[in-house]
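Each remark here refers to the structure printed beneath this line.
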Amino acid sequence: MPGVRALVCAAALALSSCVTPAPRGSAPASALTLWYDRPATDWEREGLPIGNGALGAMIMGGVETDRIQVNEKTLWTGGPGSAGYDFGLPAHAMVDAVRAAQRDLAQRGRISPEEMAQRLGRPVVGYGDYQSLGEIVLSLAAPAGAIVEYRRELDLEHGVARVSFVREGVRYTREYFASYPDHVIVVRLIADKPHALRGAVSLAIPDNRSRTVHAEGARLFASGALNDNGLKWEEGVAVVAEAGILDLDADGIEFASADAVTLIFAAGTDYAPVYPAYRGADPHAGVQARLDAAVAKGYRRLRADHEADYRALFDRVRLDLSGAASPLPTDRVLAAYSDGASPQDRALEALYFQYGRYLLISSSRAGSLPANLQGVWNHAEHPPWNADYHVNINLQMNYWPAEITALPETAAPLFDFVDALAPPGQRAARDIMGARGWTLSLNSNPWGFAGLISWPTAFWQPEAGAWLAQHYYEHYRFTGDEAFLRARAYPVMKGAAQMWLDALITDPRDGTLVVSPSFSPEHGDFSVGASMSQQIVFDLFTNTAEAADHLGDAAFRDRVRAALARLDPGLRVGSWGQLQEWKGDWDDRSDEHRHVSHLFALHPGRQISPFTTPQFADAARVTLRARGDGGTGWSKAWKINFWARLLDGDHAHLMLSQQLRASTLPNLWDTHPPFQIDGNFGATAGVAEMLLQSQNDELHILPALPRAWASGAVTGLRARGGFTVDIRWSSGAATEVMIAATQDGPVAVRSTLFDAPFTIEQAGAAALVASNGDGERRVFQARAGGRYIIRRAP
């Protein structure tokens, strides 16, 4: 590659040349490491993901050529600037068409999805797809010879991916991480022989955009605009060779005779979450500034700051299932997985739990969009389901682990995204439902899509806004953050409740308030008052009335409570003991459809409980057994949570086993198929629900512990009421529980630990805390900042 020859050393670009290199040899087996003994050849099945929320990369680990596929989460086709985009909203109000459908449903009882889609559905124009930014291409020269001791790994403990191998007696090591503090991706190449690194760096850009590529001062930049909508994008990579030589031209940067090479990558677009234009500043200045700051900081500080930030989140929760990490590569461990009976199986289950937390940290951080159907990772121009935001469960499931597994910061992008949907959501409520407040339907995108599509089995789900509002209230219930409740949660909840106060109709059959048209997602006909619709509105009204009461909004509280008293709750036991999916008793005992949406009231709702509504809990069991244990990846993940809420740890564990056996790829990504990340997040939440529940205003310790996990420990789980809980157990029963409180007040604890003599220590002072209650449930008075340890008596 011809170019301007430049000698560049570490000091010139403030990158330390005295960083201690990675240790020789492959790392030992680790309980928190995914590793493989060959490069990846299949992006979806084998690539290893890194990310910092806004940026993502897939590590393939090729030897001569390492293609690092990269993403920037706001790089989307469609939306403003794309021909014909209309936010999915009608040019003229369609309220009359909805009213006509309601009248027909009242007379006919059922309408097919195909007919309803023809009447109410709308063709989608300019919706768009999440895009790949392209690839950083490393072309690496090395002596000819066999490759030995190859290892490609993802270290969850430190948030770092690595590749290492030996060739002709030289060990080559690469390290990859995505820094949230510095908003860059960093790749570090080293060799254990001086001056052994030689190669080139270039950028591969997809064809569906304009591009200009140029090099300046040991940096390579590419910029342009998407052909579809004119969205501007820019990316840049700084290349630093320690004790080496760089050659630069417009196509790339060569390095030779280097001891170490560091690549620092930054990217951005001119997207801004501002309705209706969704455009902001040109990305150039931001990309340049991030590169300048990262280069000036130097590799050592970049690495240290990344790890400090990442581990401040990841280290909050530890899970020990008495497993033992296998010495085999992860794909072979997964292939050998049986049912959790072996120590290696249990180690894989704990790894899978923590992998979900890693993926959430990596794909959802403040300042960018929330995790989409593929988190932040996509390599296709037209990814499955646009890699968008499906809001009839998928986006919500992405955030089920956020609160309970001590990652509340990761929910910030979700709240920002939903807040930004308010303006188009208000238009949707007005022009589709004839209501005040806000709503949206099946799916959305970064461009404020809030309307309808025409896919018959999926175009209608106006309860989605109410479901999203649940996450705001859950954040308050877990954290006790009054300011968040008042300023962020309550306005969203109130707007969603206002929509349903206006949109509900009276069912002439029994005088109850019902949703119409109503559809149980992707299953059956349209009807009046399908169970999931009613349960979601019940959940919204319950939460909003509580919040209004707490905040002193008595007038709205009373309106919601009055509607709640008339609302059909969506709970009925059918003719064969099942929880009915529809208001009519239409369930087919032989139906094994993957959706079990009418159990929303069991999870993530709190309307059904084995303690407070045993008859409906029993009906939910009948339904789950009839539907079977099959389904897609996300469906199995939801069933883990269902069975945990039903206190059946063995069946919850069976669903986790099914998830690992049939719906998990070699890189441990969930597959629908194809890859869809919500199953990872749902399964991680399900494991947490097996160990701790708090939806019923009590801490239930080990509510669904399976026999396969006879002994173990978990630290750092969070519970509603502002509690952090550590649990140790042996022989299937809790032996020690530590509860840390952030608020004053009573805490109810349910545990079999109370079946035998026990002691309670406050902050290690051996002071008995007054309690009342008996059997497995006790109530204690807690103080903010207090730590309470309950142990089995000696």
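The values are calculated or read from the model by the stated rules, or taken from the named source; none is laboratory data. On a predicted model such as this, the values are computed, not experimentally measured, just so you know. Glycine gets a Cβ as well: all are built from the backbone with ideal geometry, and neighbour counts include every protein chain shown. We work out accessible area using only protein heavy atoms, side chains counted, and drop any ligands, DNA or RNA first. Shrake-Rupley method; radii C 1.70, N 1.55, O 1.52, S 1.80 Å.
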Check your understanding: What is the magnitude of the charge dipole of the chain about its Cα centre, with +1 placed on the Cβ of each Lys and Arg, -1 on the Cβ of each Asp and Glu, and no other charges, expressed in debye to the nearest 20?
Key -> 1000 debye
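In a shell of Cβ-Cβ distance under 9 Å around Phe314, excluding Phe314 itself, what net charge do Lys and Arg (+1) and Asp and Glu (-1) give?
+1
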Revision key, fill the gap. Phi-derived 3J(HN,Hα) across region 519-532 with the Karplus relation (6.51, -1.76, 1.60, θ = phi - 60°), rounded Hz, x for Gly and Pro, is 9, 7, x, 6, 8, x, 9, 6, 8, 10, x, 4, 4, 4
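Just to confirm, what accessible area per residue do you get for the chain at 1.4 Å probe, in whole Å²? Before the final figure, lay out the partial values.
Numbers: 26410 Å² over 794 residues.
Result: 33 Å² per residue.
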Check your understanding: With the contact rule set at Cα under 8 Å and sequence spacing of 6 or more, what percent relative contact order holds for the chain?
Key -> 12 percent
Point to revise | Pairs beyond 31 Å (Cα-Cα), from Lys232/Lys636; Lys193/Lys232; Lys583/Lys636; Lys232/Lys639; Lys232/Lys494; Lys73/Lys193 | key: Lys232/Lys636; Lys193/Lys232; Lys232/Lys639; Lys232/Lys494; Lys73/Lys193
Practice item. Can you tell me the alpha carbon radius of gyration of the chain divided by the globular rule-of-thumb value 2.2 N^0.38 Å? Key: 0.98
Review point. Quick one: length gained pulling Ala277 to Ser730 fully straight, 0.36 nm per residue minus the C-alpha distance?
Key: 157.3 nm
**Study point:** Karplus-derived 3J(HN,Hα), 6.51/-1.76/1.60, for each residue of region 470-480, Hz, glycine and proline x
**Key:** 4, 5, 5, 5, 4, 4, 5, 5, 6, 9, x
Point to revise | Förster radius 30 Å - calculated FRET efficiency between Glu776 and Gln743 (Cβ-Cβ, nearest 0.05) | key: 0.80
**Study point:** Carbon and sulfur %, accessible surface of the chain computed with the full protein complex present, 1.4 Å
**Key:** 53 percent
Revision key, fill the gap. Spelling it out for Ala435: with amide H atoms placed in the peptide plane at 1.01 Å from N, the residues 5 or more places away or on another chain with amide H under 5 Å from its amide H are Arg430
Study note, to complete from the structure: Scoring only Lys, Arg, Asp and Glu (+1, +1, -1, -1) among other residues with Cβ under 11 Å from the Cβ of Arg728 yields -1
Review point. Put +1 on the Cβ of each Lys and Arg and -1 on the Cβ of each Asp and Glu in the chain; which of Pro113, Ile608, Leu231 then has its Cα farthest toward the positive end of the dipole?
Key: Ile608
Point to revise | Long-range amide H partners of Ala763 with built H, under 5 Å | key: Arg787, Tyr788, Ile789
Point to revise | Vicinal HN-Hα couplings computed from phi for region 103-108 (Karplus, 6.51 cos²θ - 1.76 cosθ + 1.60; Hz; Gly/Pro x) | key: 5, 5, 4, 4, 8, 9
Practice item. Quote the charge dipole size of region 264-377 about the Cα centre in Debye, to the nearest 20; the model charges only the Cβ of Lys and Arg (+1) and of Asp and Glu (-1). Key: 320 debye
Review point. So who's got an amide H within less than 5 Å of the one on Thr664, skipping anything under 5 residues away but keeping other chains? H placed 1.01 Å off N, in plane.
Key: Thr671
